[in-house]
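Structure first, then comments.
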Amino acid sequence: MMDEMSDEHANERDASGRDDDARLDTEATRDSGTPSADKPGHHLSATMTRRALVAIALGAVIAAIATAVFSGGFKSENDLSTHANTGGPMSTGAVSGSAFSTAHAGDCLTWTEDDASDLEKVDCSSEHLFEVASEVDLSNFPGTEFGPGSKFPGVLRFSQLRDEHCTPAVNEYLGAKFDPNGKFSVGLINPGVAGWAAGERTLRCGLQYSGTTGKPQSIYGTVAGQDQSKTWDAGTCIGINQNVPTDPVACTDPHAFEVISVVDLGAKFTGGFPDIPDQDKYLEETCTQASNEFLGSPDALRNKTLTLFWDNIDLTSWLAGSRKVTCSVGKELDTGGFASIVNSAKGDILINGAPPIPPPPVPEGRSLPVPLPGAGN
């Protein structure tokens with residue numbers, strides 16, 4: 001079965017010896033500009049919480065890698081051997097018919113089965129799950145690691161191959177216009193256990209849009225032809241798991257926050273990259289206005305005890321062409337992460353299972369707290 005996962009999940013599973021038949025490997029979840037715990041008045045953010053959980057998992061993985069390296073030792077350069085190059089990868093048809101073995105840079109692929117047994121090429125303007133950026137023929141590698149009769153590599157090894165070969169290939173494919181903080185991630189599709197046993201040795205590097213679990217989301221159009229900003233339409237609710245945001249869900253389901261507006265910073269800042277303070281100054285006004293309109297009144301945000309926040313764009317993303325950010329409403333916890341909200345913020349909501357209790361009126365002359373930039377990342 002094809003196991004779709006993010007890099008964190010892939011590494012954890014490989015360290016425990018499971019899921020060695022994974023065919024799809026994706027890049028790790030990326031950080032973005034969330035307020036950190038050391039900023040005055042800011043609590044531990046969802047991104048910081050996620051980063052801490054990942055660090056715990058990676059600690060076990062690093063220990064496993066160290067054990068493997070030191071117990072296995074290294075071959076000297078003189079011990080390296082090569083296996084015969086038979087003129088390219090063998091198209092066995094053992095995996096996903098001809099679509100996998102004939103996929104080249106610029107092709108778009110899709111599938112519906114968990115094991116991708118129905119993988120097919122489609123026009124990139126239609127719905128698809130993967131855009132091929134390059135091919136990596138492992139039969140050309142020196143040594144016997146990928147030679148005839150070799151063992152199918154584990155998830156960690158495929159992750160290494162993805163980082164070593166697919167990341168630079170994607171950057172070249174997009175002309176150095178890949179946004180590492182955007183909605184697309186670097187992915188790799190391998191031949192699968194059956195294809196490997198039949199002699200397939202070519203990997204497909206490419207781009208996909210993955211959720212927090214690594215499950216590919218639908219893409220329309222080529223990546224080069226669109227803004228790579230990670231945004232959702234207004235009215236989209238982002239799910240929650242252990243106080244950390246996940247993927248879009250129905251607003252009637254528990255969620256961390258709701259998107260109320262998408263803002264194109266390129267329309268405001270036409271003269272080059274705006275620094276973060278300039279972005280925040282503009283977005284504070286713009287997102288506040290969007291909140292008043294979305295919720296129905298200037299008092300609704302406070303009466304529902306919600307927090308208004310937005311994303312920022314860093315220089316790397318700006319140079320890649322990303323220009324859009326989201327304004328959202330949710331409720332941050334003092335201990336970090338988000339409270340669980342049910343129903344759209346436009347109407348009556350429950351926060352951690354109870355209706356919000358409006359705070360006392362603000363004393364005359366005292367201002368409301370400033371919204372938090374980036375609190376939803």
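Bear in mind these aren't lab numbers, they're just calculated from the coordinates by the rules spelled out. As the structure is a computational prediction, the values presented were derived from the model and not from experiment.
Pairs over the 26 Å Cα-Cα cut-off, from the set LYS215/LYS324; LYS183/LYS331; LYS151/LYS183; LYS230/LYS281: LYS151/LYS183.
In terms of its C-alpha gyration tensor, the range 97-179 comes out oblate, because a/c is 1.5 or above while a/b does not outweigh b/c. For the range 224-312, the gyration tensor built on C-alpha atoms gives an oblate shape. Its axis ratio a/c (a ≥ b ≥ c) is at least 1.5, and a/b is not larger than b/c. P(r) tail for the range 109-249, what percent of Cα pairs lie past 19 Å? Taking all Cα-Cα pairs of the range 109-249, the fraction more than 19 Å apart is 57 percent. Note on the range 172-289: Kirkwood radius taken over Cα pairs, Stokes-Einstein applied at 25 °C and 0.890 mPa s, translational D equal to 140 µm² s⁻¹.
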